[in-house]
């Protein structure tokens with residue numbers, strides 16, 4: 001799929017999020033890259049670029065203090081090619097994009113991978 005079409009799907013997913021969730025994303029940028037870099041794979045603890053669908057870069061809301069301010073936006077990076085590889089036919093690409101965004105937003109809200117496993121959302 002070309003990047004423009006993928007970006008349209010990402011925008012649709014973001015627009016479809018509940019208003020209260022979107023309001024808490026006021027300092028979060030969502031970007032799309034083809035693949036994760038070697039540095040990003042290392043940061044995420046993932047061995048293969050085929051297995052990293054997204055990555056949250058930033059300070060979770062639960063770790064911010066009253067001194068938080070004047071900082072660059074947090075960033076959620078979606079890795080288009082990996083997401084495509086993990087998506088089946090039909091509407092599952094949109095579903096996989098949504099799952100990836102929600103997973104990375106969970107990190108933004110201070111929920112780590114262990115907790116996501118516990119609640120069955122990994």
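Values as computed for the structure displayed
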| item | result |
| --- | --- |
| Some residue of segment 32-47 being free of Cβ contacts under 8 Å to residues at least 12 places away in the same chain, within 17 Å of residue 107 (Cα to Cα) and assigned to a loop (DSSP other than H, G, I, E, B) | yes |
| Qualifying positions in segment 84-122 - within 16 Å of residue 55 (Cβ to Cβ) and touching a residue at least 60 places away in the same chain (Cβ under 8 Å) | 97, 101, 105, 108, 109 |
| Segment 11-31, residues that are part of a helix (DSSP H, G or I), at pLDDT 95 or above and closer than 13 Å to residue 105 by Cβ | 13, 14 |
| Per-region count, segment 58-84, residues in contact with a helix residue (DSSP H, G or I) (Cβ under 8 Å, 6 or more places away or on another chain), modelled with pLDDT under 95 and surrounded by fewer than 18 Cβ atoms within 10 Å (Cβ to Cβ) | 2 |
| Candidates 105, 116 - the one that is assigned to a helix (DSSP H, G or I) and closer than 18 Å to residue 26 by Cβ | 105 |
| Test: residue in segment 11-34 that is touching a helix residue (DSSP H, G or I) at 6+ places or on another chain (Cβ under 6 Å) and either surrounded by fewer than 15 Cβ atoms within 10 Å (Cβ to Cβ) or on the phi > 0 side of the Ramachandran plot (or both) | yes |
| Any chance residue 55 is in contact (Cβ under 8 Å) with a residue 60 or more places away in the chain and either more than 18 Å from residue 105 (Cβ to Cβ) or part of a strand (DSSP E or B) (or both) | no |
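The values are calculated or read from the model by the stated rules, or taken from the named source; none is laboratory data. In this text the structure is predicted, and so the values were computed from the model without any measurement. Quick reminder, even Gly has a Cβ in these numbers, built from the backbone with ideal geometry, and neighbours come from all protein chains shown.
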